[in-house]
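In what follows, a structure is listed as structure tokens, so that the remarks can point back to it.
The values are calculated or read from the model by the stated rules, or taken from the named source; none is laboratory data. Quick caveat: nothing in here was measured; it's all calculated off a predicted structure. Glycine also receives a Cβ, built like all others from the backbone with ideal geometry; neighbour counts cover every protein chain displayed. Calculation scope for accessible area: heavy atoms of the full protein, side chains included, ligands and nucleic acids excluded. Shrake-Rupley method; radii C 1.70, N 1.55, O 1.52, S 1.80 Å.
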Amino acid sequence: MLDIAKIRADFPILEKQVHKKTLAYLDNGATTLKPNQVVSAVEKHYKEECSNIHRGIHWLSERATESYEATRGKVKELINADSTDNIVFTSGTTAGVNLVVQSYGRNKLNAGDEVIISAMEHHANIVPWQMLRDEKGIVIKVVPVFEDGSLDMEAYYSLISDKTKFISIMYVSNVLGTINPMQEICDKANELGIPVLVDAAQAIAHMPVDVQELNCTFMVFSAHKMYGPTGVGVLYGKTEYLEAMPPVTGGGDMILSVSFDKTVYNVAPYKFEAGTPNIAGVIALGAAIDYIQSFDWKEVEEREEELIEYAHEQLQEIPGLKIIGTAKNKSGAVSFTMKDIHPHDIGTIVDRSGVAIRTGHHCAQPLMESFGIVATARASFAIYNTKEEVDQLVKALKKVQEIFA
Ligand code: PMP
């Protein structure tokens, strides 16, 4: 059994009073809070190991390099990659998608080639492809979303043709919470030899993720959505792809030798990590992975499912409140609107009750458009959240209604 009181004690910020009310942090889809273990890892690096990596032969640099590279091993274990060579550190999910688009996409895709994304994608998995479209004339095809927030898989199958040269789809929607049938998506892509990128930003802290089982070509996620620090992310790539892909950022640390005539690049993953990286951040990601791995996935999933179900039940009781995305298979987030009340007003008023939620388009404007809305209010959950916090949200939402009655 998860010891929630013990878990909550790892996150001292949860004791904070906001507007003289106990904080209910329900904005984990934006970023999760960080446990003491992660904060301490950052502090430890700067206090005890502060040094640059891969370059120095001195003691401190060796320690920092070891700690940094140890995280690569932890990521490998977490997502069951074949080798640490498949793990590229980036600054986040956005940077990971851009790297793939600018390296693989720019070099392998040509005018008329089709890329399949979905209507629920985050802007991070739309805009980079549009930039490539404007440059190279690729065509973006979009898998639509049903009214319940699930992907139209028949449309997915029918959109695939011999022109399809890449598939890039999110595992879990940051807005709807929908868990997409990623295995099925990858299976079809693999059957046809089409590379597939999985945006696992909203999956990685909520469910076990196995890149070998999925057999995806690429996977991207951010440390800050999995109890880790901001400014760090991961790009997983299959060996044959990473080896063949050119780097997109040149500079120190990504080379084997440089002369004015010729530069020889380092091997993957190092050729994609130019310049001094976020060393403390990567080390702290290691601490975040240790933290996640200290729990039983089954218990984490069961608890979050219970919380989501409870949130659905309670929110549905509020007259005029509409949940956006009611698909069965959900994780992490519940989006909703309230008749005639702008989500920003909802967010501002519940904040006065200490409840932190996100409002707006959640970097998914095309998804909003497909639901005929401009914004939602979203409560999103993490391992430390409780039913009491859901109650606090519900109470605050009733206050919103009173104000607008
Ligand atoms: N994809 C999804 C599904 C996300 O939820 C987010 C963050 N909201 C991103 C991509 C972008 O992540 P980051 O801002 O950390 O690069």
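Residues whose amide H falls under 5 Å from that of K330, counting only those 5 or more places apart or on a different chain, are I179, with hydrogens built in the peptide plane.
Would you calculate, for the chain, the mean residue ellipticity at 222 nm contributed by helices, counting each DSSP H stretch of 4 or more residues as -39,500 (n - 2.57) and dividing by all residues, to the nearest 500? Don't skip to the answer; put the middle values down first.
Values: 14 runs with 149 residues, N = 405.
Value at 222 nm, helices only: -11000 deg cm²/dmol.
Each residue was assigned an accessible area with a 1.4 Å probe, and for L242 the value is about 0 Å².
Phi angles across region 108-125 convert, under the Karplus curve 6.51 cos²θ - 1.76 cosθ + 1.60 with θ = phi - 60°, into 3J(HN,Hα) values of 10, 9, 10, 3, x, 5, 10, 10, 9, 10, 10, 5, 9, 5, 6, 3, 5, 10 Hz, Gly and Pro given as x. For region 39-293, a crude dipole built from +1 on the beta carbon of Lys and Arg and -1 on the beta carbon of Asp and Glu, taken about the Cα centre, is about 660 debye to the nearest 20.
Roughly how many debye, to the nearest 20, is the charge dipole of region 46-148 about its Cα centre, given +1 on each Lys and Arg Cβ, -1 on each Asp and Glu Cβ, and no other charges? Can you show the working numbers first?
Details: 11 positive and 15 negative charges, 64 e Å.
Using only the charged Cβ atoms, the result is roughly 300 debye.
R8 sits with roughly 60 Å² accessible to a 1.4 Å probe, with DNA, RNA and ligands left out of the calculation. Counted over region 39-293, the DSSP beta bridges are approximately 50% antiparallel. Taking all protein chains as they are arranged and a probe of 1.4 Å, the heavy atoms of Y46 leave approximately 130 Å² accessible to solvent. Under 5 Å from the amide H of K141 lie the amide H atoms of V115, I116, I117, each residue being 5 or more positions distant or on a separate chain, with H modelled from the backbone and absent for Pro and chain starts.
Rounded to whole numbers, the Karplus 3J(HN,Hα) couplings from phi for region 147-153 are 4, 7, x, 9, 6, 7, 5 Hz, using 6.51 cos²θ - 1.76 cosθ + 1.60 with θ = phi - 60°, and x at Gly and Pro.
Going through the DSSP H helices of the chain, which span 15 Å or more along their own axis at the Cα atoms while scoring at least 0.5 as a mean Kyte-Doolittle hydropathy?
Details: long enough: 59-79 (31 Å, -0.79); 279-293 (21 Å, 1.61); 297-316 (28 Å, -1.54); 387-404 (26 Å, -0.41).
In the chain, the long hydrophobic H runs are 279-293.
Dipole orientation for the chain: of the candidates I194, L214, N266, N266 has the Cα lying most toward the positive pole (charges on Cβ; Lys, Arg +1; Asp, Glu -1). With θ taken as phi - 60° and the Karplus curve 6.51 cos²θ - 1.76 cosθ + 1.60 applied, the whole-hertz 3J(HN,Hα) list for region 3-14 is 8, 5, 4, 5, 4, 5, 5, 6, 10, x, 4, 5 Hz, x standing for glycine and proline.
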